[in-house]
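Trainee: Here it is, the structure, as structure tokens.
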Amino acid sequence: MRELTQRTITVNSSARAEWLVIALLIALSALPVGAGAVRLAGLAGGAEITPENARFFAAPVPVVLHILSVSVYCVLGAFQFSPGIRRRRPGWHRGAGRLLVPLGLVAALSGLWLTQFYPPVDHDGPLLYVIRLVMGSAMALFICLGFAAIRRRDIARHRAWMMRGYAVGLGAGTQALTHLPYYLLEGVQSELGRALTMGAGWAINLAVAEWIIRRRLAHPVRTLTTASTWPGEARVAQSSTGRVAVRDH
């Protein structure tokens, strides 16, 4: 009885942790999604044209595509990292993935278009230009590699590449935090300061993604599933570290 109680606590704790991760990812997306919504409202409502936003009014389609695609990609993509959702609703996971692949590619390619053809604003120098080209290209490549991996039924590589692609796509969320010194400290307000604070957002996200990927490779999870003939029969998942989690049907 005590062992069953402990296993139940383990399952409940795992579910709470999954939803916490989803909530944190959505919270990290909130600032750029909100800023994007304000930008779209300004374009639709005929906001005053300024030197900062004139480029968007001159060619609105690319920025609209970028905002819409990356917003849905970041929010919907957060749910793809829940093992519980993948187990309980595999059809939902696959359906969302079919939507996220083109959304991610539109976000990456439109971002590259913005970098290449929109005139730069203050402190957008050559270094930031190169960083944006590298990150946009990397995001598109990661998503394509993840799609190719799942076509080969290589789930481990699929998850790893998609996690890297999502890390790049979520860069604007982390940049809202890493960019604070640029806004608050006069000495950081330069081309180099802007490039470093923007690049830091992508670097942090990719570093966290790589840590998670390598941690999973070091501690793979093997799931044993048996056919259920009685209500309440359990599914048992045992990791290489010996921890056991039980989930009832």
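None of the figures in this text is laboratory data; all of them are computed from the coordinates on show. These figures come from a predicted structure and were not determined experimentally. Cβ: placed from backbone, ideal geometry, glycine included. Neighbour counts: every protein chain shown.
Trainee: For the range 20-38, state whether one or more residues are free of Cβ contacts under 8 Å to residues at least 24 places away in the same chain, surrounded by fewer than 11 Cβ atoms within 10 Å (Cβ to Cβ), within 21 Å of I204 (Cβ to Cβ) and of a type in the set (A, V, I, L, M, F, W, C).
Mentor: yes
Trainee: What single numbered condition from (1) loosely packed, with under 14 Cβ neighbours inside 10 Å; (2) assigned to a loop (DSSP other than H, G, I, E, B) fails to hold for V134?
Mentor: Checking V134 against (1) loosely packed, with under 14 Cβ neighbours inside 10 Å; (2) assigned to a loop (DSSP other than H, G, I, E, B), the one that fails is (2).
Trainee: Could you please find all residues in the range 104-122 being touching a Lys or Arg at 6+ places or on another chain (Cβ under 6 Å) and surrounded by 15 or more Cβ atoms within 10 Å (Cβ to Cβ)?
Mentor: Residues satisfying the conditions are T115, Y118.
Trainee: Something else now. Please specify each residue of the range 44-98 satisfying the condition of being surrounded by 17 or more Cβ atoms within 10 Å (Cβ to Cβ) and hydroxyl-bearing (S, T, Y).
Mentor: Hits for the range 44-98 are S69, S71, Y73, S82.
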